[in-house]
Amino acid sequence: MTRFLLLLLSVLSIAACKPGIPKDIVQPNEMEKVLFDIHLVDGYIANIPTQDSARKVGAPIYKGIFKKYGIDSAMHAKSMAYYYNHPDLLSKMYDRISEKMGKTRDEEAKKREKEEKLKAEKELKKQKAAEAKRTDSLKKLKKANQIDTSRKVRKPLKALISAPKSTKK
């Protein structure tokens, strides 16, 4: 009986010591989302020309990210320390984050390409409309010249027709 209890106790202790992520650490799937958003903000801030402006802009954005996921900077720092000590978990997270970044970049490139295509089509329509207007005004000018020319021809003809005929004796 004591052997059975000893065996049961050892099995339970082994099962209880199963490595897992502590409750006070942001879980991997949530941490991926947090890190993805943070890296997007980092990219945005890196393009701000002055460091002072980057700090002013970045701080409220980071706070917004933490608020969005219901964590604070201390919990984020503690979670990052945990994941730095478990590089296998961190590596898997960054692989998925990298894949998501690539998809996002591709989607943005397609969106930008579509916008540029629409802009080019709009510009082409404007050019065609301007060309049609210019062609139309040239047609009007040609018609005016034709009418004017025909009047010039008619006047001398009328003068010839209405001139008195000379009689020969």
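Just so it is clear, none of the values below were taken in a lab; they were calculated from the coordinates. Predicted, not measured: the structure shown is a model, and the values here were computed from it. Neighbour counts are summed over all protein chains in view; Cβ atoms, including those assigned to glycine, are modelled from backbone coordinates with ideal geometry.
Straightening the chain between LYS33 and LYS92 buys 19.9 nm, computed as 0.36 nm per residue apart minus the Cα-Cα spacing.
In this calculation the C-beta distance from GLU131 to TYR44 is compared with R0 = 35 Å, giving a FRET efficiency of 0.25. In plain terms, the residue of VAL34, VAL41, VAL57, VAL26 with the fewest other Cβ atoms within 10 Å comes first and the most crowded comes last, giving VAL57, VAL41, VAL34, VAL26. When Rg and Dmax are taken over the Cα atoms of segment 23-138, they come to 22.7, 80 Å. By other beta-carbon atoms within 10 Å, ranking LEU35, LEU124, LEU40 with the fewest at the front produces LEU124, LEU40, LEU35.
The stretch between ASN85 and LEU124 holds 8.2 nm of extra length on full extension. This uses 0.36 nm per residue minus the Cα-Cα distance. On the beta carbon distance between ALA74 and GLU107, with R0 = 35 Å, the FRET formula returns roughly 0.55.
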